[in-house]
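What follows is one structure encoded as structure tokens, with my remarks underneath.
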Ligand code: NDP
């Protein structure tokens with residue numbers, strides 16, 4: 001009797017697949033260690049698996065240089081971990097696609113996922129692995145100088161502050177790590193702590209004694225970032241002890257004030273805690289919605305390690321495979337819907353995605369003369385810069401859109417005259433040309449920030 005009921009339920013679930021297109025048995029949102037390991041386990045479990053890479057492909061590890069605690073490696077670069085995990089997933093048949101999710105509709109099943117390029121996927125299971133993003137201060141000047149004086153990534157940007165005086169905002173372990181990272185480059189580093197104590201672990205605080213360039217100011221709250229048109233000159237601080245406000249001179253503000261889970265796009269459909277972390281049903285990765293799982297920093301505010309994230313990704317991948325098996329998605333059923341599966345290479349016409357590359361002023365002039373009314377975006381990058389690689393992936397995708405500007409890739413280590421002409425001092429730097437320079441930004445910009453920058457100048 002019970003077996004009959006189970007068989008009926010399975011048939012009912014599978015009958016919902018009959019006319020669905022762009023079907024994805026395991027759909028993973030996010031491409032950090034959690035997402036990529038979940039993908040490998042989904043594909044090895046025999047289920048067609050798609051990874052939507054998100055606004056920041058590879059996630060926070062792409063901003064990390066040396067990693068000493070990745071399993072089995074005494075030292076490895078963050079981007080190399082991601083590259084290996086991605087190759088491993090793809091070797092098992094995982095399809096990775098560029099793009100971000102705009103919405104998920106769980107009113108019917110398979111769940112409807114809409115991407116920012118309006119592609120609609122129908123997911124039988126979803127694994128959310130969108131991680132957490134660095135928190136921002138939300139004070140005047142922060143947006144204006146973001147990427148050109150204000151940043152949350154010392155690992156990426158410290159070399160640009162050689163012999164300069166910089167500040168790190170925050171009192172946690174990250175603030176100490178950022179300060180130590182900066183000490184190899186900057187002349188002085190002042191950690192700005194809003195309370196009279198640091199939250200960082202005592203062992204971390206003790207490490208600071210070895211770095212005479214680093215000092216700490218307590219009871220100071222950032223109020224405003226000030227500067228000229230091009231560069232910041234200081235940060236306005238309210239001193240809670242003296243009750244006075246003053247400008248602290250600095251040429252770089254590094255934020256280390258915690259992270260915010262990237263769960264906004266599912267907050268109305270999936271249970272989160274007060275801070276926005278997705279609640280999972282330990283020891284499984286199941287969320288409050290059947291068939292939707294979460295893994296990595298989005299569901300973990302305690303450990304937040306690449307290793308633990310990948311472990312949770314493995315669990316989520318196994319959970320998704322088991323869920324599909326339980327609802328009757330057997331190999332036979334999978335075979336019967338094989339033509340309905342989302343396989344972007346097979347369904348979309350091939351579009352050239354390689355950007356135009358130039359190295360000389362003459363080449364740029366020829367491009368401008370040949371496209372007098374078109375917006376031109378110059379992307380200055382270097383081989384060793386991980387943010388540059390992320391931006392390039394996003395630009396390649398944007399270049400396929402109908403109204404895309406002409407996107408021009410420039411290797412800053414090769415294109416000496418272009419670097420000199422545009423006074424490029426750091427990579428990545430993006431310059432928008434429309435009868436002259438109309439915008440310029442340095443440092444990492446995610447997909448939405450890039451789109452906004454281009455939209456402004458259409
Ligand atoms: P935390 O949440 O631990 O610390 C954030 C810090 O930023 C706090 O000192 C907080 O102040 C301060 N802050 C928050 N908002 C503001 C604001 N608007 N203005 C000024 N200051 C602000 O974040 P972390 O990223 O440092 O650490 C997160 C987790 O990762 C922790 O568990 C940490 O232990 C771990 N970690 C471990 C490392 C290691 O072991 N090597 C390295 C880095 C992180 P307040 O204290 O007043 O709230």
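Please treat every number below as a calculation from the coordinates, not as lab data. Note that the coordinates shown come from a computational prediction; the quantities given were computed from them, not determined experimentally.
Stokes-Einstein, applied to the Kirkwood radius of the chain over Cα pairs at a viscosity of 0.890 mPa s and 25 °C, places its translational diffusion at 103 µm² s⁻¹. Within region 349-458, the proportion of Cα pairs with more than 25 Å between them is 12 percent. The Cα-based radius of gyration and maximum Cα-Cα distance (Dmax) for region 107-232 are 19.6, 60 Å. For region 284-420, the fraction of C-alpha pairs farther apart than 21 angstrom is 66 percent. Can you give the angle from 0 to 90° between the axis of helix 361-370 and the longest principal axis of the chain, with both taken from C-alpha atoms, to the nearest 10? For helix 361-370, the angle is close to 60 degrees. To test your reading of the geometry: what angle, between 0 and 90 degrees and rounded to tens, separates the Cα axis of helix 386-398 from the longest principal axis of the chain? Taking Cα atoms only, the helix is inclined about 60 degrees.
Helical runs assigned H by DSSP (4 residues or longer) give the chain a calculated mean residue ellipticity at 222 nm of -8500 deg cm²/dmol, each run adding -39500 (n - 2.57) before division by the residue total.
For region 21-90, taking the reciprocal of the average inverse distance between every pair of different Cα atoms yields a Kirkwood hydrodynamic radius of 12.6 Å.
Computed across region 207-298, the Kirkwood radius stands at 17.2 Å (inverse of mean 1/r, all Cα pairs). With Cα atoms as the point set, region 372-412 shows a radius of gyration and Dmax of 10.9, 34 Å. In the distance distribution for region 61-116, Cα-Cα pairs more than 19 Å apart total 53 percent.
Using C-alpha pairs under 8 Å with a sequence gap of at least 6, the mean separation divided by the residue count of the chain gives a relative contact order of 17 percent. Once the Cα atoms of helix 78-91 and of the chain are each reduced to a long axis, what angle between those two axes, in degrees from 0 to 90 to the nearest 10, is obtained? Taking the Cα atoms of the chain, the angle to 78-91 is about 20 degrees. Rg and Dmax of region 1-136, based on Cα coordinates, read 17.4, 59 Å. Our note on the geometry: Cα centres of region 274-337 and region 98-116, 17 Å apart. Each Cα pair of region 262-341 feeds into the Kirkwood radius, which the Stokes-Einstein equation turns, at 4 °C and 1.567 mPa s, into a diffusion coefficient of 94 µm²/s.
Hull volume per residue, based on the alpha-carbon atoms of region 94-168 and their convex hull, is 168 Å³.
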